[in-house]
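Here the structure is laid out as structure tokens; the discussion comes afterwards.
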């Protein structure tokens, strides 16, 4: 890449990702509407797409209130963490053979660490609010974190094992013959569930849990700080979709169409699937989520890891 | 585990099939919903078939009202008919329960299938008699209280009402 595009592309990606997250709020509501036999926001502009602008205007003009009983510094700091962490995660996503910000040789680990950082935002936001609902949300977030972080990382090790590299580009290039969703179907299944939990979306939005905890960890948040949390959540959704596509569905690979189009198309379908999950599956209790994580998902991941290791060894060396 | 996974997949499939079903939404301002004739909406005061006010200001509606949103004062006209000197309904309190309509002995107060009564100013939700009174008979076209009641008014003495026998003179018990 040239000097100019070195600067231009990250900037473009930054704007693009934030804009995509904003449009996604509208898109998700429309899609949910379709699946729940209603319309969703359809009044403002063509198909209601200007709803995004009106929502943003409303959030921007709201009183920027910090509750006097909260831990002020952490309260203000928490919502920025999730956005920054999620945006940094995009740095390692390869959009096409030569469209990426950085090709780290520890790309997968970088992604995992960034999404793990984002969890602290929820945790700290919940604790700093000094509010019972927010505290419960923060606690649930912590409980959720310990139950899925382990198998989330481990579920990707099968992919890494087959590729022999942590670099995202190498992982995509290794899928030229066969996408990893076939040999790593167990890994995909586990990572999908962990990904939903990671981005705190239904059915695993336990820290938020509108129906039980009013708004969970962001009960005390309003205006732009609340918008930051939402932005972070939707960025997380896009990031997880990008990761699933890169790691399991061959990233930019595909016939006829240009690589970027293939990548975008796959990410789009993946996002639609996440919305479908939200529309269809009810939320479990958090002890159910924890027992699912430790009793089923972790052993499943370990079995996947051992099997993948054995097969990889057999392919490489024979008996 | 496998059983529940199958159930979840079935749920996903069912919801996905809803991509092709029509939305149930009624697009309200453009698409008006059908309201039954007996829908309980805005309250009106009706007139009898002869064009006079039906309300005799008996206060039963105000007593029946669970939220005390009706206020009225009885007066008597020169021809002997009772009427409300004022009749006030505070619609910001009204819960459209229809108790007043059920309590009304003269079918004067009636609920109509109209619910579009938003106001920017809360004081405008208080309806006076001139706002409530309509020209028609509402749901009961032939009923006229004074025609069937035993009360004497100008032009209709005791015993003149429909199905009313002439009053007995209790002081002359001669056979």
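Observations on the structure shown:
- When residues of region A:120-143 are limited to those that are buried (at least 24 other Cβ atoms within 10 Å of the Cβ) and under 16 Å from the mean Cα position of the chain (by Cα), the one nearest to residue A:78 (Cα to Cα): A:121
- Which numbered condition residue A:118 misses (of (1) outside any helix (DSSP H, G or I); (2) in contact with a helix residue (DSSP H, G or I) (Cβ under 8 Å, 6 or more places away or on another chain); (3) closer than 27 Å to residue A:212 by Cα): (1)
- Residue within region A:202-212 that is over 27 Å from residue A:74 (Cβ atoms) and in a loop (DSSP other than H, G, I, E, B) present: yes
- For region B:1-17, filtering for residues that are part of a helix (DSSP H, G or I), within 7 Å of chain A (Cβ to nearest Cβ) and either under 36 Å from the mean Cα position of the chain (by Cα) or exposed (fewer than 10 other Cβ atoms within 10 Å of the Cβ) (or both) leaves 0.
- Test: residue in region A:213-229 that is in contact (Cβ under 8 Å) with a residue 24 or more places away in the chain and within 16 Å of the chain's Cα centre (by Cα): yes
- Selection status of residue A:315, under 23 Å from the mean Cα position of the chain (by Cα) and in a helix (DSSP H, G or I): no
- For region A:170-191, a residue qualifies if it is crowded, with 21+ Cβ neighbours inside 10 Å and not in a loop (DSSP other than H, G, I, E, B), and the qualifying residues are A:171, A:172, A:187, A:188, A:190, A:191.
- Tally of residues being touching a residue at least 24 places away in the same chain (Cβ under 8 Å) and under 17 Å from residue B:49 (Cβ atoms) across region B:148-175: 2
- Annotation for region A:62-73: no member residue is surrounded by 15 or more Cβ atoms within 10 Å (Cβ to Cβ), outside any loop (DSSP other than H, G, I, E, B) and touching a helix residue (DSSP H, G or I) at 6+ places or on another chain (Cβ under 9 Å).
- Among residues of region A:237-284, those that are outside any helix (DSSP H, G or I) and either within 16 Å of the chain's Cα centre (by Cα) or touching a residue at least 24 places away in the same chain (Cβ under 8 Å) (or both), counted: 10
- Candidates in region B:18-40 are the residues that are exposed (fewer than 10 other Cβ atoms within 10 Å of the Cβ) and more than 26 Å from the chain's Cα centre (by Cα); of these, the one that is nearest to the other protein chains (Cβ to nearest Cβ) is B:24.
- Of residues in region A:274-285 being surrounded by fewer than 20 Cβ atoms within 10 Å (Cβ to Cβ) and away from every other protein chain (no Cβ under 11 Å), the one farthest from residue A:197 (Cα to Cα): A:285
- Conditions (1) surrounded by fewer than 23 Cβ atoms within 10 Å (Cβ to Cβ); (2) within 14 Å of chain B (Cβ to nearest Cβ): number failed by residue A:293: (1)
- Set A:47, A:69: member being more than 28 Å from residue A:88 (Cα to Cα) and within 14 Å of chain B (Cβ to nearest Cβ): A:47
- Test: residue in region B:42-51 that is within 14 Å of chain A (Cβ to nearest Cβ), in a loop (DSSP other than H, G, I, E, B) and within 24 Å of residue B:113 (Cα to Cα): no
All of the numbers you see were taken from the coordinates with simple rules; none came from a lab. Computed from a prediction, not measured in an experiment: that's the story for all the values here. Glycine gets a Cβ as well: all are built from the backbone with ideal geometry, and neighbour counts include every protein chain shown.
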